[in-house]
Amino acid sequence: MKILSLPNETRLYVGHDYAPEGREAQCCATVAEHKAKNIHLKDAPTEAEYRAVRDKRDATLPLPKLMLAALQVNIRGGRLPAAEDNGRSYLKIPLNHFEPR
């Protein structure tokens, strides 16, 4: 994984943190901290091993509540969709497309 080949003191800012075991959520950690504490990166997995662990875990998780809204903003580089005729921007959420797990 290329990001882990950065210098250990490099700060990584993540867009999410699940705050395990009741600790406070964090938005920044160094490469060294990820190598030492990130449960998905322990024992320096190969990319295939990492993907297998994440795919197995992710298959058990529901779609995050704000995922569809976040995707619509993220793919536009943080910009909201263009305003419609009434001057308002809307996020469009498909109904009856995603089923809960």
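Every number in this text was worked out from the coordinates using simple rules, so none of it is lab data. On a predicted model such as this, the values are computed, not experimentally measured, just so you know. Positions of Cβ are backbone-derived with ideal geometry, glycine not excepted, and every protein chain shown enters the neighbour counts.
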Q) Just how large is the dipole of the chain about the Cα centre, in debye to the nearest 20, putting +1 at every Lys and Arg Cβ and -1 at every Asp and Glu Cβ? A) 100
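Can you pull out the GluC sites (Glu not before Pro) in the stretch 19-86 whose DSSP state is coil and whose Cβ has at most 10 other Cβ atoms within 10 Å?
Here the sparse-neighbourhood loop sites are GLU24, GLU84.
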(Q) Angle check, please: helix 47-58 long axis (alpha carbons) against the longest principal axis of the chain (alpha carbons), in degrees 0 to 90, nearest 10. (A) 50
Q) Can you list, largest first and rounded to whole Å, the semi-axes you get for the stretch 62-101 by taking the square root of 5 times each eigenvalue of its Cα gyration tensor? A) 23, 13, 6
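For the stretch 25-101, which chymotrypsin sites (Phe, Trp or Tyr not before Pro) are in a loop by DSSP, counting at most 12 other Cβ atoms within 10 Å?
Numbers: sites: TYR50, TYR90, PHE98; in loops: TYR90, PHE98.
Within the stretch 25-101, the qualifying chymotrypsin sites (Phe, Trp or Tyr not before Pro) (loop, at most 12 other Cβ atoms within 10 Å) are TYR90, PHE98.
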Q: Identify which of the listed values of Rg/Rh (Cα atoms, Kirkwood Rh) was calculated from the structure shown: [x] 1.05; [y] 1.20; [z] 1.07.
A: [x]
**Q.** Hits among lysines - C-alpha to C-alpha of LYS92 under 27 Å, sequence gap 8 or more where chains match
**A.** LYS65
Q) Counting each DSSP H run of 4 or more residues in the chain as -39500 (n - 2.57), what helix-only mean residue ellipticity at 222 nm follows after dividing by all residues, to the nearest 500 deg cm²/dmol? A) -7500 deg cm²/dmol
